1. By how many nm would the segment from Arg55 to Glu535 lengthen if fully extended, with 0.36 nm per residue of separation less the alpha-carbon distance?
2. For the chain, build the charge dipole from Cβ charges (+1 Lys, Arg; -1 Asp, Glu) around the Cα centre, then report which of Gly477, Cys13, Val499 sits farthest towards its positive end.
3. Cut-off is 10 Å between beta-carbons; in what order do Thr513, Thr190 appear when sorted fewest neighbours first?
4. Starting from the Cα of Asp118, step 7 Å toward the Cβ, then list every residue of region 258-287 with an amide N under 20 Å from that point.
5. For Arg186 paired with Ser127, estimate the spin-label separation in nm (one decimal), with each label point 7 Å from Cα along the Cα-to-Cβ line.
6. Which loop trypsin sites (Lys or Arg not before Pro) in region 71-128, with loop taken from DSSP, have no more than 13 other Cβ atoms within 10 angstrom of their Cβ?
7. Explain nothing, just the number: dipole magnitude of the chain about its Cα centre with +1 on each Lys and Arg Cβ and -1 on each Asp and Glu Cβ, in debye rounded to the nearest 20.
8. Taking the Cα centre of region 26-75 as the origin, how large is its charge dipole in debye, to the nearest 20, when only Lys and Arg (+1) and Asp and Glu (-1) carry charge on their Cβ atoms?
Amino acid sequence: MATGSRFFLGFDCSTQGLAATVLEAAEKRRQVVFAHTVEFDRDCAHYHTRNGVWRSGNEVTSPPLMWAEALDRMMGILARQRSFDLRRVKAISGCGQQHGSVYLNPSAAAVWRSLDPDHELAAQLESTLSRDRSPVWLDETTRAQCDAIDAALGGAAAVKRLTGSAATERFTGPQIRKFHELDPGRYDATDRVHLVSSYLASLLAGRHAPIDPGDGAGMNLMNISSCQWATRALAATAPGLRARLPDIQDSWTIIGTLSPYWITRYGFPAAQIVAWTGDNPSSLVGAGLVSEGHLGISLGTSDTVFAFSRGLPDPSFASHVFGSPTGGYMGLVCFKNGSLAREAVRDRYEPASSGRDGDPSRREWEGFSRALRETSPGNHGAMMLPWFEPEITPRVPAAGVHRSNLDPADASANVRAVIEAQMMALANHSEGLSGGGCARIVATGGASANREILQVMADVFDTRVFRSAEGNAACLGAALRAFHAHELSHGRALEWTEVVDGVTDPPLETRVTQVTAHVAVYRDLRKRYAQFESEHAPVRSPLL
Ligand code: XUL
């Protein structure tokens, strides 16, 4: 640890776990000195989640108290580690899975201010909730509400122009509308609706945190041009909604300092708390994609493709336009059948030896990699539509795996088929994003550790692929955002290229280059895949 080092803490509250990354900033260099993940199913087992969620019919929710407990636990772990000096933590930020919402009654802020440091956090928060479960991004049960919102605002294309996305099932606005329709009493008892990101920021600061334009755009409630609440969208969603929402503020806003609970319980200093954002906007920073012309691909619970845009892009840019936490915008396309589909294929053909956590560097992924090495690009014409659960892109309301020329008993061919399908779907549905040419892809998330998967990506997209410097770019992005906001608050306005320089540069040895012969195979196969897809997914996701 260099003398004069300062430390910046980033969190990522994702679907399956809460991660923390600590960035050391010394005179001449910045580097990651600590990273750890609390896994919900394993480390907060008494909530009985599976992959971090509860499923009841088609409804998918998570317990907000589990997120609070994971944060409490992680702060304890950070306090006990020896790799950095806790007392020199200057600023903390974070990100969360997008769209998930937390419903609080009027007591919340007072309870946060007077938390008892001798007792665990989660138990003290029970009385603050007006709804004990949070709908999360995997929930697709709001089609009726989306249709009603689209109709009230002049159609899906108009909603996309206004908010950056057509009304979308997992987005927070339709979820709030459903809550109000089905449970008006508890909606009335709700004083504040937070996102996962702004909720956890509030717990750290001990006061209601704002929502940033990165995560706010995932609600169908924010005017994408002004990055402020869209009054018409609020009115089309639920009565009295404005009073129940936090303000929208710049992503680099300093909300306050760490509340006394954390200082007394764990010995943290009164570090600055910087507004949190969504996991995808945060990945943009953590993958170093702060200028145009590059694609980011996150292979996590969801697979996402995203890119930065300086100005407000044309709606055909991507299915969703969010604010970028660097200022400007980002386009995003999201696929629900990410790591869970890869695991379903792996487990079917090679039952896992022990504990699985979506990390393909683990032993149980060796057979999967071998299968990719032993099969050839194009899979001799065999294809799969890997919709192990309902899909977001393209919109597929009911799960269903379809095979073409693919023997269900052929393990290796099925492994190749799921990866080729995912990469071709990512490429076909993100053409607006890479329309102007893509110099390189930076891949992040658990499955980006797998070179064989990245080779298929490079060949399908016909470009070079690098693995992001940190496996969890979202979490690194949060630590970098804490550093940037801290410097800004001390009068040092750094360019974003300076902020990420030397920290997010993907290691050269992770480079995977496309193979010309394979590129030709996929050019043809992508068209056939699009045809196969349209036969089974009649409702295409609108690039309105
Ligand atoms: C993006 C989306 C997911 C979540 C979970 O729109 O729904 O990527 O952010 O990570």
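Any read-out appearing in this document is the output of simple, stated calculations on the displayed coordinates, not a laboratory observation. Everything numeric here is computed off the predicted structure, so don't read it as measured data. Cβ coordinates were reconstructed from backbone atoms using ideal geometry, including for glycine residues, and neighbour counts include every protein chain displayed.
1. 169.9 nm
2. Val499
3. Thr513, Thr190
4. Under cut-off, by backbone N: 260-268.
5. 2.0 nm
6. Passing sites in region 71-128 are Arg82.
7. In total the dipole reaches around 520 debye.
8. 300 debye
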